[in-house]
Structure formats: structure tokens, C-alpha cells
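The values are calculated or read from the model by the stated rules, or taken from the named source; none is laboratory data. A quick note: this is a predicted structure, and the numbers were derived from the prediction, not measured. Quick reminder, even Gly has a Cβ in these numbers, built from the backbone with ideal geometry, and neighbours come from all protein chains shown. All accessible areas refer to the heavy atoms of the entire protein, side chains included, with ligands and DNA or RNA removed. Shrake-Rupley method; radii C 1.70, N 1.55, O 1.52, S 1.80 Å.
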Amino acid sequence: MEAIKLYNTLSRSIESFSSIIPGKVGMYVCGPTVYGPPHLGHVRGPIVFDVFRRLLLKKGYQVRFVRNITDVGHLVGDADEGEDKLQKQARLEQIEPMEVAQAYTDSYNWVMDAMNVMRPSIEPKASGHIIEQIEMIQSIIEAGLAYESNGSVYFDVDAYQANHHYGKLSGRVLDDLMAGAGNASRELEGQSEKRSAHDFALWKKASPEHIMQWSSPWGKGFPGWHIECSAMSAKYLGSEFDIHGGGMDLLFPHHECEIAQSTAAHKHEPARYWMHHNMITINGQKMAKSLNNGIKVSELFEGNHPLLSRGFGPNTLRFFVLQAHYRSTLDFSQDALEASEKGLKRLLEAFKKLDELTPSAESTLDVDSVIRDLNQALLEDLNTPISIAQFFEIAKFINSAADNKAKLSAVDIQKLKDAVGEYFEGILGLQKTEQNDNHEVMDEIMQILIQLRGEAKQEKNYALSDAIRNRLKDKGIELMDSKEGTTWKRS
RNA sequence: GGUCGGAUGGCCGAGCGGCUAGGCAGAGGUCUGCAAAACCUUUUACACCGGUUCGAAUCCGGUUCCGACCUCCA
């Protein structure tokens with residue numbers, strides 16, 4: 001089996017990957033909190049980890065890929081202290097919290113499907129694993145590393161610190177955290193119940209008006225902010241599994257807390273490799289709700305956003321994401337999207353010619369080395385931009401051969417076809433055809449037809465103008481004339 | 001304030017000690033009824049100041065900017 005190298009946040013270095021059980025990989029990725037429509041930031045992680053999963057599969061591993069849905073427990077900012085995000089949204093929309101969660105889960109998965117991200121092997125919901133979370137909290141209490149206080153349960157960081165290193169993943173030092181805590185003006189709810197400011201909640205007591213609450217040994221409440229991932233990863237992948245992935249913004253406190261909780265409950269660390277992808281930025285800043293600079297995926301697809309003059313398809317978005325290395329920030333702009341779209345189009349046009357090439361007796365191009373580099377790049381910490389660069393080499397080969405400026409043998413042509421199938425489609429997960437259900441582009445086309453038909457009408461060439469209208473109608477598009485002009489719609 | 005990361009040509013983005021990254025845009029050419037596509041050629045780089053080295057975008061030190069995390073976040 002070829003060696004896969006990946007950057008492990010735990011060691012801050014690139015390591016050779018080896019699985020706990022030979023040939024099998026357990027992978028857990030933090031999924032979305034489903035309280036809002038999917039935005040651009042939701043897109044990068046799933047794509048990156050999807051490519052890594054596909055790489056593992058292609059290299060012969062059996063992979064169990066778990067990605068959770070968080071539908072409970074997270075609190076909103078200080079403006080809405082103590083109120084569950086889902087509850088808040090539900091109140092606004094006058095529907096059940098679970099209905100909100102379901103709707104956003106569906107739209108999230110719709111986006112994932114559109115981007116050709118494989119569905120997880122298991123997609124556990126936090127709300128469906130309350131018992132597991134309670135059990136895990138109990139074992140942490142039994143280990144003497146958590147305490148109950150006024151109906152809530154907190155993780156005792158100081159007690160844990162006696163025998164473990166809280167902060168080993170993120171490189172935090174407890175004293176620094178204290179220094180930082182003094183700086184934070186915001187007073188979190190229940191701070192006085194804690195023995196120490198850096199203790200974090202495993203279970204939170206719910207106020208009576210709190211809709212989402214469950215019975216527990218400590219009274220009615222809801223699980224803490226980090227316990228779900230620990231409980232669900234252990235349930236489906238075992239208390240020790242291979243890879244845990246997520247965004248860099250989750251490194252601290254979320255993943256740090258996961259390590260502490262799991263270690264407290266299971267006496268050993270949960271994951272061997274921690275993978276973190278970097279953020280998508282816009283004008284150099286990450287997209288965040290607090291900055292109000294997020295772009296919804298639907299807005300991107302439709303071009304319905306102040307920063308966009310037109311829409312871009314999901315395949316383009318996936319390509320755009322993979323043109324940057326996953327550990328670098330990726331700056332979003334219309335220009336960057338356009339460059340990706342054009343580049344992708346060039347690749348797809350070249351691939352189409354693959355079937356029409358007339359083979360030569362021998363090749364004048366080194367197909368093997370390009371494919372070798374392509375494979376090597378993916379094995380080296382998932383260097384997708386380099387692997388894509390090799391596909392541009394391949395496109396150049398194909399185009400040159402099509403122009404009779406180079407020769408490719410039948411064997412090499414087949415190798416290129418296989419590379420497109422195995423790597424471009426199989427691992428990078430890119431589609432060979434961009435389904436252009438793009439309203440902006442469609443509308444531009446329609447405006448041209450409408451204008452031509454208008455000119456025909458001016459010349460009283462009604463045979464032609466009617467022919468245009470009738471033939472469009474046959475294709476399911478209706479033209480409607482009015483004083484203000486002609487509009488169109490799908491009938 | 002603490003911790004960590006980054007500054008690459010008009011834009012996006014690789015590289016991390018010597019060898020063209022790549023894409024988009026720009027320029028010239030070939031082809032072409034015109035366009036487009038394609039092909040060939042080509043212009044713009046490594047924030048700044050020192051140091052190590054035969055050789056540095058790449059290593060070390062300093063400076064200046066920018067960002068992430070410390071709070072829900074992908």
C-alpha cells in the first residue's frame with residue numbers, strides 16, 4: 001500500500017499515515033450546526049475531507065466516515081444568553097426546533113450532493129445521542145475530572161491538568177488562558193458555578209422556558225458544547241480511532257475539549273491524527289456570522305449577492321476549493337472564481353477530445369511521469385493544487401496531440417483516460433460535465449434570442465419571430481410580450 | 001494582553017536551499033469568412049533590513065504590516 005503523508009496537528013509535522021487496524025480507517029469530521037442556511041464556509045471542510053476519504057478508498061482502505069449533525073446544545077452569543085440557537089430560530093419562524101434542524105440539514109445535504117461530496121457512512125445527530133453523552137459525562141465524574149454544580153456539570157481542567165496536558169493540541173498554556181480570560185469583557189452565564197474560569201460545561205441546566213431539554217441525573221438540561229463529538233465518535237469508531245478532522249477555528253476550544261473529555265473517560269486519547277483545514281476568507285478576513293460577511297451557497301449558485309455579478313456552479317466551486325492547499329487560507333472573489341471556472345472549462349474541453357484522438361505508433365510526451373506526479377502530490381499531505389497542475393499538463397498533451405503537434409500512443413491515450421477517471425473524477429471528485437443550470441447565463445442567452453426576435457418583428461418578419469417563440473415553447477420556455485418588453489419563463 | 005500562522009508577479013495560488021509550479025488576465029504570432037477555441041512565444045515575483053551558505057522566495061535574527069484562536073463558528 002502506498003504511503004500517505006499528512007500533517008498531524010498534534011505533532012505539528014507531516015507524518016506517514018498508518019491505520020490502527022490494517023486496511024481499515026475510522027474518520028470523524030465535525031459537521032454543521034444546523035441553524036442556518038449553508039454558506040461558503042461550510043463547503044471547504046467537506047470537500048477537503050471528501051477528497052481525503054476518496055484517496056484512502058482508492059488506495060485500498062475500507063473507510064468508515066462519520067460526520068455529525070449538531071442540532072442541540074450550542075449557545076448563541078452574549079446578546080441571546082442562554083437561549084439555544086435552534087430555539088431562537090424556531091421562535092422567529094414559529095415552527096418546531098426539530099423542524100428547523102431538519103430543514104437546514106436537508107439544505108446542507110442538498111449542497112453536499114450538488115458538490116459531489118459523498119454522504120457519510122454514518123451521520124449521527126447530537127439529539128439522538130443524549131444517553132451516550134450522559135453516560136460519558138458520568139464516567140468523567142467517576143474519574144474525578146468533572147463536578148456537578150447547581151444542576152450543571154463542568155469539566156475540571158485543573159484536576160485534569162495534574163496528569164495530562166490540557167492545551168497539547170492547540171499549543172495553549174493554561175496561564176495564558178487565564179491572562180486572556182481577564183481580557184474578555186463578556187461574562188458567560190454560569191461562570192460563578194465553575195471552580196475555575198477555564199472549566200467548560202459538559203451538561204447545562206436548562207431554564208424552564210428552554211424547549212430543548214432532556215432529563216438527566218442532574219435534572220433537566222442539555223449537553224455541553226463539546227461532548228457530542230466525543231460521545232458519537234467513540235460510539236461509532238471506538239474510543240481510539242484514526243483521524244479526526246475539522247476547521248482550524250475548532251482547534252480551540254472544541255477539539256482541545258474533546259481530547260480532554262475523551263481522555264478523561266477512556267484513559268487514552270481519542271484520535272491519532274488531527275487534520276485541520278484553513279478558512280475561506282473574503283478580503284483577507286474569514287467569513288463569520290459576527291462579521292456578517294458570509295455568502296450563502298445558494299447565493300453563489302444563483303449569483304444573487306452584491307459581490308457577484310453572476311452565479312457559479314457547484315463543480316466550479318469544488319474546483320476552486322481544490323486549487324488551494326487545504327491548510328492555506330483561500331481568498332474568495334469573483335475574479336478568483338472566474339479564473340477557476342475558465343481553467344476548469346479548459347480541462348473539460350481537453351478531456352472531451354480524448355476519445356477523438358488518433359493514436360500514433362509512439363508518444364512524444366512523457367505521460368507516465370505526469371501521472372506519477374499527480375499521484376505523488378495527493379499522497380503528500382493532499383496537495384490538490386499540484387495534482388490539478390498536472391491535469392493542466394495533461395490538457396496540454398491532449399490539445400497538442402489533437403493539433404498534430406505531438407504524438408500519443410494508444411496505450412498512453414488509455415492511460416490518460418484512466419487518469420481522468422481515477423483521479424479527476426474518482427479522487428478529486430470533479431465532474432466531467434458542468435451541469436449548467438445557471439439562471440444568469442441562461443438569461444443572457446435568452447436576452448440575445450429575445451433581441452433577435454425583436455429585430456425580426458421590427459422588420460415585420462413574423463414568420464421568423466413566431467418560429468423563435470414556438471420553438472422555444474417546444475423546449476419548455478415561454479416568451480411573453482408586453483408594453484415594457486419581452487420576458488421569459490419556464491413553462 | 002496571550003498563543004499561533006501568513007506576507008510570492010495585475011488577480012488566485014504552489015514551492016520551503018540550486019532545477020519553468022499551475023490557472024486567469026496582458027502582449028505577439030499560427031490557424032480561421034468573422035469570432036471563439038486550440039497551439040507557439042512572451043512581460044510583471046518572492047514585504048523590509050541584516051546574517052548563514054559556493055548558492056536563499058526557501059534557513060537564522062530583527063522590523064513593518066495582515067490574519068486566526070483565546071466567544072458560537074467550517
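Tabulated data
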{"quantity": "Residue check for A:G60: within 16 Å of RNA strand B (Cβ to nearest atom), out of contact with any Pro (no Cβ under 6 Å at 6 or more places or on another chain) and in a loop (DSSP other than H, G, I, E, B)", "calculated": "no"}
{"quantity": "Matching residues in the range A:87-117 - criterion: being on the phi < 0 side of the Ramachandran plot, modelled with pLDDT under 80 and open to solvent by 10 Å² or more (accessible area, probe 1.4 Å)", "calculated": "A:K88, A:Q89, A:R91, A:L92, A:E93, A:I95, A:E96"}
{"quantity": "Yes/no for A:H255 being within 14 Å of RNA strand B (Cβ to nearest atom), surrounded by 20 or more Cβ atoms within 10 Å (Cβ to Cβ) and part of a strand (DSSP E or B)", "calculated": "no"}
{"quantity": "Some residue of the range A:368-385 being of a type in the set (G, A, S) and in contact (Cβ under 8 Å) with a residue 24 or more places away in the chain", "calculated": "no"}
{"quantity": "Close pairs from the range A:230-250: first among the hydroxyl-bearing types (S, T, Y) and in a helix (DSSP H, G or I), partner open to solvent by less than 10 Å² (accessible area, probe 1.4 Å) and away from RNA strand B (no atom under 16 Å from the Cβ), Cβ under 6 Å, at least 6 apart", "calculated": "A:S230/A:S262"}
{"quantity": "Some residue of the range A:258-280 being part of a helix (DSSP H, G or I), crowded, with 24+ Cβ neighbours inside 10 Å, without any contact (Cβ under 8 Å) to a residue 60 or more places away in the chain and not charged (D, E, K, R)", "calculated": "yes"}
{"quantity": "Breaking point among (1) surrounded by 16 or more Cβ atoms within 10 Å (Cβ to Cβ); (2) over 29 Å from A:K286 (Cβ atoms); (3) among the small types (G, A, S); (4) within 10 Å of RNA strand B (Cβ to nearest atom), for A:S363", "calculated": "(4)"}
{"quantity": "Candidate set from the range A:33-57 (those that are open to solvent by 10 Å² or more (accessible area, probe 1.4 Å) and within 7 Å of RNA strand B (Cβ to nearest atom)); member that is nearest to A:S127 (Cα to Cα)", "calculated": "A:T33"}
{"quantity": "Top-ranked residue of the range A:394-406 - restricted to ones that are more than 6 Å from RNA strand B (Cβ to nearest atom) and over 17 Å from A:K352 (Cβ atoms), ranked as least open to solvent (accessible area, probe 1.4 Å)", "calculated": "A:A406"}
{"quantity": "Verdict on A:G284 being open to solvent by less than 10 Å² (accessible area, probe 1.4 Å) and either near RNA strand B (Cβ under 8 Å from one of its atoms) or closer than 28 Å to A:E380 by Cα (or both)", "calculated": "no"}
{"quantity": "Number of the exception - A:G311 against (1) assigned by TED's automatic domain parsing to the domain that holds A:E142; (2) more than 10 Å from RNA strand B (Cβ to nearest atom); (3) touching a Phe, Trp or Tyr at 6+ places or on another chain (Cβ under 7 Å)", "calculated": "(1)"}
{"quantity": "Residue in the range A:70-86 that is surrounded by fewer than 17 Cβ atoms within 10 Å (Cβ to Cβ) and modelled with pLDDT of 70 or more present", "calculated": "no"}
{"quantity": "Within the range A:18-32, considering residues that are more than 22 Å from A:T281 (Cα to Cα) and assigned to a loop (DSSP other than H, G, I, E, B), the one most open to solvent (accessible area, probe 1.4 Å)", "calculated": "A:P22"}
{"quantity": "Of residues in the range A:330-351 being over 22 Å from A:P306 (Cα atoms) and surrounded by 13 or more Cβ atoms within 10 Å (Cβ to Cβ), the one farthest from RNA strand B (Cβ to nearest atom)", "calculated": "A:F351"}
{"quantity": "Unique residue being within 24 Å of A:D84 (Cβ to Cβ), among the polar types (S, T, N, Q) and touching a Pro at 6+ places or on another chain (Cβ under 9 Å) when the list is A:S207, A:S233", "calculated": "A:S233"}
{"quantity": "Test for A:S369: is it loosely packed, with under 15 Cβ neighbours inside 10 Å and near RNA strand B (Cβ under 9 Å from one of its atoms)", "calculated": "no"}
